[in-house]
């Protein structure tokens, strides 16, 4: 690691860590990409930062030093990055410039109150201009002198009556590293407003994507919008309020009717004209969906735009307008509508006019693309239409081709070649690597039950045995046990056996609920620490849920983990659209693996990474799914210590033996 050691956070490095640093430097020095499947404990944050900093300071691609954008969706990871850079700085010799870092989140998270009509916060109310500039400069200076977690920035800014978000943005372009969410780069409207304002050029940026297995879905969600027929009714109220504000403004100015007011009146006419046709169209879709076998229905974006265009035809005197231009003009008017924020809006980010405008904009942009789908469903109270981007490479490819190189890493970026293809990472200049853990494999044995499955056709015959396996683990574990089911419905069934029958093992039983608050999650995790020495806790959750991903179970707080089944995605119009699209792009086998099998396996792998966070940690893993022994599924998993268990009594014996060693 000669030359890189200056930017390494620790005195000693692990063998896999050294491999990853070397691979990262090699890739970034050539302006390329490293996709790293790096298990928990390898120290991937320190490795990625060492590689990126070395390449930024010593890169023949450009004479200008690169910005490093470290993206993560977890607040806990923000703190880890900040702490790692502080350790790097503590090892840099005196006289050598330290690494500067700015940690930033969304404006709503940093400012106490943001007026959504004006887009301004009240952080600096009452502060005169000279003082405002001076205080911002002071905070900017402090941020660049010493890496600070965003919580410190918020606290300092509020104490000094200065905007922490604006000050962080001022500092970001002068920092070596910016820590932020994926949206700052991978959501177009956020990127175009955020990076230039921070003085950051994507073409001269090295990207580090943490938990990169989440990136495909995060890109897809950036273009996911939902509307109901009621949205069009509520939009009229938005327009009426907006129009009233303009009328009062124009009257007070005594300048006659403004163009904004005239356009608002035109928009009102168009939305009124849409009321009946949209209600009829939604009812037609509802009837069609009821007659189909599925719970939802794929619809054509052209049909949706056609209903909008024909319903508004002739409402305004627009001359020789085309169908698309008519919809586009209405979309522009919708985007102009701003209204006062309701005090009890609970953080709603957009009015209904904006909601309609955004889905129209996406439909117009992707109306001829097979990588886009609109889906209708009425599983909830109101029938709705949802937009879905099927292919994240349509966004990812442009980003990766523009940036100066990237490291994408995760403990479940497996196989990395799949993520390279799905995200559109340039294959000719990318390296896909799988790193081994330096942890003793005997500290995390994996039992796989060959007598149960969550496969739909065999699920009912497995349910009682699944319960017996779970009981065997709980009764023979000294400490806390986490049990993750493939769905909330199956979680209810498994958990109810223990809840209804009572429990005599001395363990407390707690269960994840849908849409749990962050506070409730923290309370449940605290219970694990409180009860560990008093019999422990059996905590029930779901794969892909809040407890199985994103929670840092530190201090070896979990002693055993049970994963029930494979969380294969249920049949849906969206799933069918994904299969069709990837079958045409790749082939049928790869499509099924990329769309269904590998995401399900990776959900299990994510859960497997929860108990073991350090080399000294010990926990036993039990997978209650015989399909894990099939070659096509086993090939989707990295190598690990696997032991078969054939019945609940055998599971009990294996678990008991593990804790006696």
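Taken as Cα centroids, the range 199-237 and the range 554-591 sit 21 Å apart, rounded to the nearest whole angstrom. Note down the Stokes-Einstein diffusion coefficient of the range 582-626 in µm²/s, whole number, using a Kirkwood radius over alpha carbon pairs, 20 °C, and 1.002 mPa s. D = 169 µm²/s.
The range 1-50 and the range 313-338 have Cα centres spaced 53 Å apart. Normalised by 2.2 N^0.38 Å, with N the number of residues, the alpha-carbon radius of gyration of the range 107-174 equals 1.04. Between residue 141 and residue 90, full extension at 0.36 nm per residue minus the direct alpha carbon distance yields a gain of 16.4 nm. Entry note, the chain: relative contact order of 17 percent, from Cα contacts under 8 Å with a spacing of 6+ residues. Placing a label point 7 Å from the Cα of residue 402 along the Cα-to-Cβ direction, the residues of the range 201-221 with a backbone N closer than 12 Å are 201-205.
Scoring 237-244, 558-565 by mean Cβ neighbours within 10 Å over their residues and listing the highest first yields 558-565, 237-244.
Using only alpha-carbon positions in the range 383-425, the gyration tensor eigenvalues give semi-axes of 24, 15, 9 Å once each is multiplied by 5 and square-rooted (largest first). Dimensions of the range 226-365 based on its C-alpha atoms, expressed as ranges along the principal axes with the largest first, amount to 60, 44, 26 Å. The alpha carbons of the range 518-661 stretch over 55, 39, 27 Å along the principal axes, in descending order. Restricting attention to the chain, close to 25% of DSSP beta bridges with both partner residues there are antiparallel. Annotation for residue 523 and residue 151: the two label points, set 7 Å from Cα along the Cα-Cβ direction, are 2.0 nm apart. Note that the range 1-115 shows a convex hull volume over its alpha carbon atoms of 146 Å³ per residue. Calculated FRET efficiency, residue 287 to residue 325, Cβ-Cβ distance, R0 = 45 Å: about 0.90 to the nearest 0.05. Remark: relative contact order (the range 249-364) = 28 percent; criterion is Cα-Cα distance under 8 angstrom and separation of 6 or more residues. The ranking of 123, 111 by Cβ neighbour count inside 10 Å, starting from the fewest, reads 111, 123. Normalised by the number of residues in the range 77-209, the mean separation of alpha-carbon contacts (under 8 Å, six or more apart) gives a relative contact order of 29 percent.
Listed by Cβ neighbour count within 10 Å, with the fewest neighbours leading, 543, 465 appear as 465, 543.
When each of 435, 581 is scored by the number of other beta-carbon atoms lying within 10 Å, the sequence from fewest to most is 581, 435. Does the range 160-268 come out rounded, prolate or oblate, given a ≥ b ≥ c as the square roots of the eigenvalues of its C-alpha gyration tensor, rounded meaning a/c under 1.5 and, failing that, prolate meaning a/b above b/c? Verdict is oblate for the range 160-268.
Rule-based calculations on the coordinates, nothing more; no lab input. As the structure is a computational prediction, the values presented were derived from the model and not from experiment. Note: ideal-geometry Cβ built from the backbone for every residue, glycine included; neighbour counts use all protein chains shown.
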